[in-house]
Amino acid sequence: MARSRIAVAGASGLIGGALVRSLVTDGCEVVRLVRREPRGADEVRWDPEGGRVDMAGLAGCDAVVNLAGAGVGDRRWSEPYKVRIRSSRVHGTTALAEAVATLEPRPRVFVNGSAIGFYGETGARAVDESAPAGEGFLSALCEEWEAAAAPAREAGVRTVLVRTGLVVARGGGAWGRLFPLFRAGLGGRLGDGSQYWSFVALHDEVAAIRHLLDRDDLSGPFNLTAPQPVTNREVTAAMGRVLHRPTPFAVPAPVLRAVLGEMAGDVLGSARVLPARLLESGFRFAFPEIDGAIRAAL
């Protein structure tokens, strides 16, 4: 998509920021959607929870990528914060999908964020994109989040739903919190460590989104996870190996539940998710194994 005009919502986030840098490096014109007053020609004002988008600023975009939303792991899930998590994703997606549907000419593709939380608890059972939604807050959220993209799809715009796993990166997300702990020699497994963590290196996350932007024959849900999910116990061992630190500590499940509340279910839960459709489309991961993904983040 070199030299294309691409709008990105969530450009200040971990994934969005890395995607913008990749696109700009390759010569794309990137328009960032911002909530404040725009400071330049490369910014467009929008109000995701209010459902408003500056349509003039999106004119001429070949693609729109929506990665915006309040952080799921940023704080304890109080009822007000759960409302904010939902509204920032569902209302924002609805606003962008409706904007995409009414633009003339319409963008070629709308890529909308989602998460492997869609599948809920899978235990040791591996699931791919053919699996139904699971149960719980995150599963219901992802279902509603993805459904909000319908206006774009119904208007004939190729619509891609990216169900992202745990991104291995120093700059944010779950691993952004893990790295300092493990570097200090304070890292360890969470609960009994048997739960599967479906990870993806930040490099591969961006490359996969670029792949999906470029391929006009691809639409619908795609799992953005490495092809070899690992357990939390294996993650702990890999962090110790790569960082050359001991990993003597373990956080018992009751302590996690006391500290994190409902969000502890996401940390202790197991999601063994496979990127079947991404692999079938010919995408190749640069960092398919956990050790390589951790090294790439250093």
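Out of the range 42-59, which residues are open to solvent by less than 50 Å² (accessible area, probe 1.4 Å), within 15 Å of Pro151 (Cβ to Cβ) and among the hydrophobic types (A, V, I, L, M, F, W, C)? Listed by number, the residues that qualify are Val53, Leu58.
Right, Thr102: β-branched (Val, Ile, Thr), over 21 Å from Leu19 (Cβ atoms) and more than 19 Å from the chain's Cα centre (by Cα) or not? In short, yes. Every test in (1) open to solvent by 20 Å² or more (accessible area, probe 1.4 Å); (2) in contact with an Asp or Glu (Cβ under 7 Å, 6 or more places away or on another chain) is passed by Ala207 save one, and that test is (2).
Condition (residue is at pLDDT below 95, of a type in the set (Phe, Trp, Tyr) and within 29 Å of Arg284 (Cβ to Cβ)) applied to the range 180-195: is it met by at least one residue? Yes, that holds for at least one residue. Scanning the range 188-204 for residues that are of a type outside the set (Ser, Thr, Tyr) and either farther than 14 Å from Thr225 by Cα or open to solvent by 30 Å² or more (accessible area, probe 1.4 Å) (or both) gives Gly188, Arg189, Leu190, Gly191, Asp192, Gly193, Gln195, Leu202, His203. Restricting attention to the range 134-169, the residues being over 14 Å from the mean Cα position of the chain (by Cα) and open to solvent by 20 Å² or more (accessible area, probe 1.4 Å) number 14.
I need the full set of residues from the range 272-284 which are buried (at least 19 other Cβ atoms within 10 Å of the Cβ) and either farther than 14 Å from Leu212 by Cβ or at pLDDT below 95 (or both), in order please. Selection gives Arg272, Val273, Leu274.
What strands (runs of 3 or more DSSP E) completely inside the range 43-145 contain at least 2 residues that are more than 26 Å from Phe199 (Cβ to Cβ) and modelled with pLDDT under 95?
In the range 43-145, 43-47 are the strands (runs of 3 or more DSSP E) which contain 2 or more residues that are more than 26 Å from Phe199 (Cβ to Cβ) and modelled with pLDDT under 95.
Within the range 27-42, the set of residues being under 22 Å from the mean Cα position of the chain (by Cα) and either more than 24 Å from Gly173 (Cβ to Cβ) or touching a residue at least 24 places away in the same chain (Cβ under 8 Å) (or both) comprises Cys28, Val30, Val31, Arg32, Leu33. The sole residue among Val251, Val259, Val255, Val267 that is modelled with pLDDT under 95 and under 19 Å from the mean Cα position of the chain (by Cα) is Val267. Among the residues making up the range 1-26, a single one is of a type in the set (Ser, Thr, Tyr), within 17 Å of Gly172 (Cβ to Cβ) and surrounded by fewer than 16 Cβ atoms within 10 Å (Cβ to Cβ): Ser12.
Each residue in the range 108-133 was checked for being in contact with an Asp or Glu (Cβ under 6 Å, 6 or more places away or on another chain) and open to solvent by less than 70 Å² (accessible area, probe 1.4 Å), and 3 pass.
The values are calculated or read from the model by the stated rules, or taken from the named source; none is laboratory data. No experiment lies behind these values; they were computed from the predicted model shown. Cβ coordinates were reconstructed from backbone atoms using ideal geometry, including for glycine residues, and neighbour counts include every protein chain displayed. Only protein heavy atoms, including side chains, enter the accessible area calculation; ligands, DNA and RNA are left aside. Shrake-Rupley method; radii C 1.70, N 1.55, O 1.52, S 1.80 Å.
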